[in-house]
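Structure record follows, encoded as structure tokens.
The values are calculated or read from the model by the stated rules, or taken from the named source; none is laboratory data. As the structure is a prediction and not an experimental result, all values here were calculated from the model. Backbone-built Cβ (ideal geometry, glycine too); neighbour counts: all protein chains shown. Ligands, DNA and RNA are stripped out before the accessible areas are found, and what is left, the full protein with its side chains, is counted by its heavy atoms. Shrake-Rupley method; radii C 1.70, N 1.55, O 1.52, S 1.80 Å.
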Amino acid sequence: MSRFVVRKVAVLGAGVMGAQIAAHLVNVKVPVVLFDLGAKEGPKNGIVLKALDGLNKLKPSPIGVADDVALIEAANYDEHLDQLSGCDLVIEAIAERMDWKLDLYKKIAPHVAPHAIVASNTSGLSITQLAQALPASIVPRFCGIHFFNPPRYMALVELIATPTTGPEVLDQLETFVTTGLGKSVVRAKDTPNFIANRVGIAGMLATMVEAEKFGLAVDVVDDLTGKKMGRASSGTFRTADVVGLDTMAHVIKTMQDTLGPDKAGDPFYPHFATPKVLAGLIAKGALGQKTGAGFYRRVGKDILRLDPAKGDYVPSAGKAEPIVERMLKKPAAERLKLLRESSNPQAQFVWAILRDGFHYAAVHLEGIADCARDVDFAMRWGFGLKQGPFELWQEAGWKQVAQWIADDIAAGKALSNAPLPAWVTDGPVAANQGVHTPEGSWSPSRKRYVPRSTLPVYQRQPFPEAVLGSGAADPLRSGSELHRNDEVRVWTLDGEVAIASITAKLHLISPTVIEGLAKALEIAEAEFKGLVIWSPDDVFSAGANLESLMPVFMRSGSKGIAPEVKKLQDFMLRLRYAQVPVVSAMRGIALGGGCELALYSGRRVAHMETYVGLVEVGVGLVPAGGGLAAIARKAAEAAAAAPGTDLLAFIKEPFTAAAMAKVGTSAIESRQLGYLLDSDVVVPHKDELLTVALAQAKAMADSGWRAPHRRPIPVAGRNGIATIKASLVGLRDGGFASEHDFHIASLIADVVCGGEVDAGSLVSEEYLMALERRHFCSLLDHPKTQERIMGMLQTGKPVRN
Ligand code: NAD
């Protein structure tokens, strides 16, 4: 496969999707030009400019750093079509109308570069039909590229080839979308709505039908069909509001237009009518989140739900019943049995929607996807399900569940009387009790289990996300184990670099974790080129384990804690001055002590979605694992590199970040806050993190890496403290910070300025850490801090006092 170089991307359409796709391209450093129609009034780029303006108002934010929206170039079809010739990839994301898309293709075709890939983000129109509007020269380089909303956060991108798409095109695009954009690709057949929307929207419609049958309100349905079922927390109706009810109606319309008895003949077709409530809301212009009202409406701080009987919004308080909640926590086999046999309407509803989902996926698997894995991944990555339908079915007992579905079909309870396909009950799937096996996943069209893609890009994923039953290697049992304690596993994958994986809950840093990491360092120094701190799940470390220090605190108060804090600080210095490079492979959250662990590593390799901050203030403490000492040191280094500047200028921002417990909400924003350096590496795909971190550790070792020199640190001293404190007084007196916040912030100022010494005094890291320790311990004895800690341990939420 030749390399597909993407110098620049054109996104056509600055709507909900186009603007957010452009933002994501900026996040991963791909230059992008965003087109829309020329505005009839005002500046010609008006439509795009308005869309760009809207990007910073969206939550969760589509952009990693707010100011980077400015990097998206605005363009319109009247003036800037010539710019297309400089783009290697053109992503069309205009409104879901075949005729409009075809018109636009005619308009752009003469300007597209001869080598460029052109791809449509349509939610479900026929890619083959769209290709017909393109000149023969573009047709071999045309395909579908279906992102999910919100594109920064939803992992899935479906790629769809037409019969005329060139063989290399999808391989090239899949490689770029995976490594470059960090998305997870599923290849879909060119059938209406492809895989995820076909199964997912049919599932939402089935949910609406069954909810009506069992008389459940929208908030009850959302509570049941959200986290409690291992699905996206927004459940069903709230998800529809987020997607946009008009968009949802478009996808449903595609189903109605293309799946009727005269066309594809989907046996579930009678249930694809647009639900009356949905049609009613759309008619009123209530299109969900984008218009402020849909199935829900926010009024001030309250969220109201639609009561279709009243045709109005009422307070929302509906929840799953405790008995159903308990059933949902049982292991799969027991869970499904209890739900099915219960007479509770909520339980029956949950069984009904699961059964409908299994039934639908089984009937359609052969038509829409190559194999069952593609359906399960599409539902995980596109709809936020923890498990796809086939995985859950298999986990609960393949034959038993198949029998229940068949019984429900026979009893007229299922949504369609279409029988389960023969492959469900006869042949290898029945014999193996499922569609997923270590050999591969079942492909009804190929009549065998098919293995995963062997595209070279996947060699960058040593432990790719895997479906249940596929016998995927468990990273925590892989490689060669070098050492293990209760909370850390030290191992190696390649025999060259040691890996330390924290296994404690939320990877909280306890004395046991420190002991394990210290051992890892010792082993790495003795036998390996470097050490990578990496764990397979979505947390780097949520911070210090305060609970583990409780017994010591109860016994001997803060005096007993001080030596424990010192051990943590000593370890951080040990890490910084290690004899091998240490790379922190960060993903998910790196807070408090987790942030410090990363700060004291030789290098950081962070997944784009990493949330980093010194958040100790939230529990009434100051960072005391070297976080503040690092601020003072880095400020001194920055000031030294810019002679004539004031040291305090380099302290203020990181001081504010620590004093306000600011968290960088992406790796790139965390870099702006100073928690990552320019030399650190940001990785778009989470499953490539370990590979990149190992490569970095090796490259550092191979280039003769040495720990930094220990240098004395000039500090801002008492003048700096006074200046910072003066600015804090205003916040306190204005009611923006409590007295205790003021007190903690003053202590932070004390450390980052090096204490009550003359400006320019030279201090050591150990000295700064001793200040951290002293203030940390004094706060532990403070009743307001104790209130914050207890509140956090009991409720998980910060106490404001
Ligand atoms: P949208 O309505 O928010 O934006 C559509 C954009 O198309 C607008 O900026 C509009 O100015 C432009 N447009 C309208 N008519 C046009 C024309 N005749 N020629 C050129 N441009 C025109 O839509 P969206 O939600 O961003 O969807 C865009 C595409 O992405 C659709 O194909 C949709 O099915 C697909 N999609 C949407 C979602 C979603 O959740 N919204 C998810 C995945 C895919």
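Cβ separations smaller than 8 Å between residues 6+ apart or across chains give the following pairs from segment 621-649 residues that are of a type in the set (Lys, Arg) to residues that are outside any helix (DSSP H, G or I) and open to solvent by less than 20 Å² (accessible area, probe 1.4 Å): Arg633/Ile713. Restricting segment 50-84 to residues that are closer than 30 Å to Met255 by Cα and open to solvent by 30 Å² or more (accessible area, probe 1.4 Å), the residue that is nearest to the ligand (Cβ to nearest atom) is Leu58.
Mind checking whether some residue in segment 166-183 is modelled with pLDDT of 95 or more, within 10 Å of the ligand (Cβ to nearest atom), open to solvent by 10 Å² or more (accessible area, probe 1.4 Å) and under 23 Å from Val69 (Cα atoms)? Within segment 166-183 (the criterion being modelled with pLDDT of 95 or more, within 10 Å of the ligand (Cβ to nearest atom), open to solvent by 10 Å² or more (accessible area, probe 1.4 Å) and under 23 Å from Val69 (Cα atoms)), the answer is no, since none of the residues qualifies. Considering the conditions (1) in a helix (DSSP H, G or I); (2) farther than 24 Å from Tyr269 by Cβ; (3) modelled with pLDDT of 95 or more; (4) open to solvent by 10 Å² or more (accessible area, probe 1.4 Å), Gly203 is excluded by exactly one of them, (2). Every test in (1) closer than 27 Å to Ala211 by Cα; (2) in contact (Cβ under 8 Å) with a residue 12 or more places away in the chain; (3) open to solvent by 40 Å² or more (accessible area, probe 1.4 Å) is passed by Pro428 save one, and that test is (1). For the residues Ala136, Ala161, the requirement of being modelled with pLDDT of 95 or more, away from the ligand (no atom under 15 Å from the Cβ) and either under 22 Å from Pro192 (Cβ atoms) or more than 27 Å from the chain's Cα centre (by Cα) (or both) singles out Ala161.
Looking at segment 456-470, is at least one residue within 27 Å of the chain's Cα centre (by Cα) and among the β-branched types (Val, Ile, Thr)?
Yes, the conditions are met somewhere in segment 456-470.
Just wondering, is there one or more residues in segment 264-273 that are touching an Asp or Glu at 6+ places or on another chain (Cβ under 9 Å) and under 25 Å from Glu391 (Cβ atoms)?
Yes, because at least one residue in segment 264-273 is touching an Asp or Glu at 6+ places or on another chain (Cβ under 9 Å) and under 25 Å from Glu391 (Cβ atoms).
Taken over segment 282-333, the residue count meeting the criterion of being surrounded by 12 or more Cβ atoms within 10 Å (Cβ to Cβ) and of a type in the set (Asp, Glu) is 3. A single member of Ile47, Ile21, Ile91 is near the ligand (Cβ under 10 Å from one of its atoms), closer than 20 Å to Glu174 by Cβ and assigned to a helix (DSSP H, G or I), and it is Ile21. Are any of the residues in segment 111-121 away from the ligand (no atom under 12 Å from the Cβ), touching a helix residue (DSSP H, G or I) at 6+ places or on another chain (Cβ under 9 Å) and closer than 18 Å to Arg187 by Cα? Looking through segment 111-121, at least one residue is away from the ligand (no atom under 12 Å from the Cβ), touching a helix residue (DSSP H, G or I) at 6+ places or on another chain (Cβ under 9 Å) and closer than 18 Å to Arg187 by Cα.
For segment 221-233, indicate whether the set of residues that are within 16 Å of the ligand (Cβ to nearest atom), modelled with pLDDT of 90 or more and either part of a loop (DSSP other than H, G, I, E, B) or surrounded by fewer than 23 Cβ atoms within 10 Å (Cβ to Cβ) (or both) is non-empty.
Yes: one or more hits.
When Lys686, Lys698, Lys652 are checked against the criterion of being over 30 Å from Thr492 (Cβ atoms) and open to solvent by 30 Å² or more (accessible area, probe 1.4 Å), Lys652 stands alone in meeting it. Restricting attention to segment 29-44, and to residues there that are outside any loop (DSSP other than H, G, I, E, B), within 12 Å of the ligand (Cβ to nearest atom) and open to solvent by less than 20 Å² (accessible area, probe 1.4 Å), which single residue is farthest from Glu669 (Cα to Cα)? Step by step, filter segment 29-44, then rank; the result is Phe35. Here the condition is being within 16 Å of the ligand (Cβ to nearest atom), at negative phi and open to solvent by 30 Å² or more (accessible area, probe 1.4 Å); of Thr254, Thr258, Thr236, it holds for Thr258 alone.
Looking only at residues in segment 173-200 that are of a type in the set (Val, Ile, Thr) and in a helix (DSSP H, G or I), which one is farthest from the chain's Cα centre (by Cα)?
Within segment 173-200, the first condition is being of a type in the set (Val, Ile, Thr), and the residues that meet it are 175, 177-179, 185-186, 191, 195, 199.
Subsequent filtering for residues that are in a helix (DSSP H, G or I) retains 175, 177-179, 199.
Numbers: Thr175: 20, Val177: 16, Thr178: 14, Thr179: 15, Val199: 22 Å.
Checking each candidate, the answer is Val199.
Within segment 85-108, residues that are open to solvent by 70 Å² or more (accessible area, probe 1.4 Å) and of a type in the set (Lys, Arg) have Cβ atoms under 9 Å from residues that are near the ligand (Cβ under 10 Å from one of its atoms) and modelled with pLDDT of 95 or more in these pairs: Lys107/Tyr77, counting only partners at least 6 apart in sequence or on another chain. Here Pro150 meets each of (1) more than 13 Å from the ligand (Cβ to nearest atom); (2) part of a loop (DSSP other than H, G, I, E, B); (3) touching a residue at least 40 places away in the same chain (Cβ under 8 Å) with one exception, condition (1).
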